[in-house]
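The values are calculated or read from the model by the stated rules, or taken from the named source; none is laboratory data. Predicted model, so just to flag it, every value in this text is computed and none were measured. Counting neighbours? That spans all protein chains shown, and the Cβs are built from the backbone with ideal geometry, glycine included. To get the accessible areas, we keep the full protein, side chains included, count just its heavy atoms, and leave off ligands, DNA and RNA. Shrake-Rupley method; radii C 1.70, N 1.55, O 1.52, S 1.80 Å.
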Amino acid sequence: MLIQIFSLILHFIVGLVAGTCLLRMYMHLQRINLSSSGGNPLAPFVFSITNWIVLPVRRFVPAIGRLDTASLVAAYAVLLAKHSLLWIMAGASAHWLSLVTNAGFELVSVILSSMMWMVIGYALISWFIAASDVRYFFAQLVEPLLRPIRRVLPQMGAVDLSPIALMLLIQIAEIVLHNVQMQVVF
């Protein structure tokens, strides 16, 4: 029972840190203003959760164009540390290559889950909050993902079905990811 509780807490903390590192990477990629003085309501939260790991990694891992690779590597490192710790707690019965691979699959899974939560947050905020910094922030995150879908999906009057289509595509990607992960056995 204690191991299950520890595993739950570890999964939550690691998911929060890894997801926030990926959010930081995505905001940098989309050129979203990362300063709280620029109207970004989540910037202080993102920096307080990620600076401790992203800034040291940044000294060794340079950015590739607009891609903040330090945030990506930091998210992967946190997930790898989680898998390693759970591996040690389980008696070190897994092969080290499976740790590396499972952390990579979980990184992609966290990306997909984060995208799903961004779309859900965007949809909820668009229904209830008129104009605000938070709504503008979510629009900056989600609109680039919805634009290609809106080009293909026919307009249905005043109802925008593109968030639903995006969530469906994300769920399909999660199913494919899970099946590929099941095929990769060490």
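Run residue 116 past the list (1) assigned to a helix (DSSP H, G or I); (2) under 30 Å from residue 2 (Cβ atoms) and report the number of the one that doesn't hold. Answer for residue 116: the failing condition is (2). Only a single criterion out of (1) open to solvent by 70 Å² or more (accessible area, probe 1.4 Å); (2) in contact (Cβ under 8 Å) with a residue 40 or more places away in the chain; (3) polar (S, T, N, Q) is not satisfied by residue 37, namely (2). Of the residues making up the range 79-133, those that are surrounded by fewer than 16 Cβ atoms within 10 Å (Cβ to Cβ) and among the β-branched types (Val, Ile, Thr) are 88, 100, 108, 120, 129. Taking the criterion of being open to solvent by less than 50 Å² (accessible area, probe 1.4 Å) and either assigned to a helix (DSSP H, G or I) or in contact (Cβ under 8 Å) with a residue 60 or more places away in the chain (or both), the only residue of the range 57-67 that qualifies is 57. Among (1) touching a residue at least 60 places away in the same chain (Cβ under 8 Å); (2) farther than 23 Å from residue 96 by Cα, where does residue 25 come up short? Residue 25 satisfies every listed condition except (1). Within the range 79-107, residues that are closer than 14 Å to residue 7 by Cβ have Cβ atoms under 9 Å from residues that are in a loop (DSSP other than H, G, I, E, B) and of a type in the set (S, T, N, Q) in these pairs: 87/93, counting only partners at least 6 apart in sequence or on another chain.
Restricting attention to the range 23-56, which residues are outside any helix (DSSP H, G or I) and out of contact with any Gly (no Cβ under 8 Å at 6 or more places or on another chain)? Please lay out each step first, then the result.
Here is the first cut: in the range 23-56, the ones outside any helix (DSSP H, G or I) are 30-35, 39-42.
Within the range 23-56, 30, 31, 32, 34, 35, 39, 40, 41, 42 qualify.
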